[in-house]
Amino acid sequence: MHVTSERRLATPSAQGPGDDVLERTFLLGDIPGIVWTPASASASAPVPLILLGHPPLGLDAMYPRLADRARHSAAAGFATATVELPGSGDRPRLPVLDRARADLRRTMRAGEPVGDEIVDALVLPLVDRAVPEWQTALDALLTLPGIGGPVGYSGGVISIGVRLARIEPRVAAAGLFAGSFVPRGILEEARQVTIPLHVLLQWDDEGGHRQAGLDLFDAFGSTEKSLHAHLGGHTGVPRHAGAGAVDFFTRHLKRRAA
């Protein structure tokens, strides 16, 4: 991991300019990323880590929302980190994903149902590439002074979260957003996920993902899982939903770290 810049930000509860959060951008090979750590973190008192998932729109476009999530998490005593997804931002394009996205746009413009073949082509290549990169990033992040386990995963493409929750033993809890297409294969993988889960669902999602989200929630093998549904479209998640997610991670990550 090569750190390329650093600066300090204030948490939402800070008075004045503040310097409560250390933000560092980095390169992991050719993969850009960002890590945020609260002032309370130190080598002698490491804090739990939350991996911030996001849609494949590029870190530059997602930065305001990611930084806001990071600042609120830091105020609760968590470090957070994220990496650029394959084929996004300044990373090389992935023709297989570009073709799938073009097929999806054509299908939706024509008012036709989105079939399993398109969903698989749209999601599975991204999951297959992104999850090993998240694991490599996790290897590097957990060597940084002030960052320790346990680890949580929050938001982003839900299929990436499902795969990571299934295969990565260091991820102890996950907050997932049921707002994207879910391949049937991922639905089957969900049956093997057993960690605590906090799932958000927008009831009026324009993509028509309600039933897929309900089916996925039902499939999870976790004995501790909660579904939080809110009225509104895909981008209408209420701000107070973030507080619920922080409470969830506080229960499951800080309890295990104690």
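Within segment 204-234, how many residues are touching a strand residue (DSSP E or B) at 6+ places or on another chain (Cβ under 6 Å), surrounded by 17 or more Cβ atoms within 10 Å (Cβ to Cβ), at pLDDT below 95 and in a loop (DSSP other than H, G, I, E, B)?
So the count comes out to 0.
Under the condition of being of a type in the set (Asp, Glu) and part of a loop (DSSP other than H, G, I, E, B), which residue from segment 85-116 is farthest from residue 58 (Cα to Cα)?
Within segment 85-116, the match that is farthest from residue 58 (Cα to Cα) is 112.
Just need a number here: residues in segment 64-78 that are of a type in the set (A, V, I, L, M) and outside any helix (DSSP H, G or I).
So the count comes out to 1.
Which one of these is more than 22 Å from residue 220 (Cβ to Cβ), surrounded by 17 or more Cβ atoms within 10 Å (Cβ to Cβ) and touching a strand residue (DSSP E or B) at 6+ places or on another chain (Cβ under 9 Å): 147, 118, 160?
Selected residue: 147, the only one of 147, 118, 160 that is more than 22 Å from residue 220 (Cβ to Cβ), surrounded by 17 or more Cβ atoms within 10 Å (Cβ to Cβ) and touching a strand residue (DSSP E or B) at 6+ places or on another chain (Cβ under 9 Å).
Among (1) on the phi < 0 side of the Ramachandran plot; (2) surrounded by fewer than 21 Cβ atoms within 10 Å (Cβ to Cβ), which single condition is residue 78 missing?
Tallying (1) on the phi < 0 side of the Ramachandran plot; (2) surrounded by fewer than 21 Cβ atoms within 10 Å (Cβ to Cβ), residue 78 fails exactly one: (2).
Which of the residues spanning segment 88-115 are on the phi > 0 side of the Ramachandran plot and surrounded by 14 or more Cβ atoms within 10 Å (Cβ to Cβ)?
Listed by number, the list holds a single entry, 89.
Please state which one of 184, 170 is within 23 Å of residue 113 (Cα to Cα) and at pLDDT 90 or above.
Residue meeting the stated conditions: 184.
Of the residues that sit in segment 132-144 and are surrounded by 20 or more Cβ atoms within 10 Å (Cβ to Cβ) and either free of Cβ contacts under 8 Å to residues at least 24 places away in the same chain or in a helix (DSSP H, G or I) (or both), which one is nearest to the chain's Cα centre (by Cα)?
134
In segment 36-90, which residues are within 21 Å of residue 240 (Cβ to Cβ) and of a type in the set (S, T, N, Q)?
73, 80
The values are calculated or read from the model by the stated rules, or taken from the named source; none is laboratory data. It should be emphasised that the depicted structure is a prediction, and the values quoted were computed from it without experimental measurement. Heads up, the Cβs are rebuilt from the backbone with ideal geometry, glycines too, and the neighbour counts pull from every protein chain shown.
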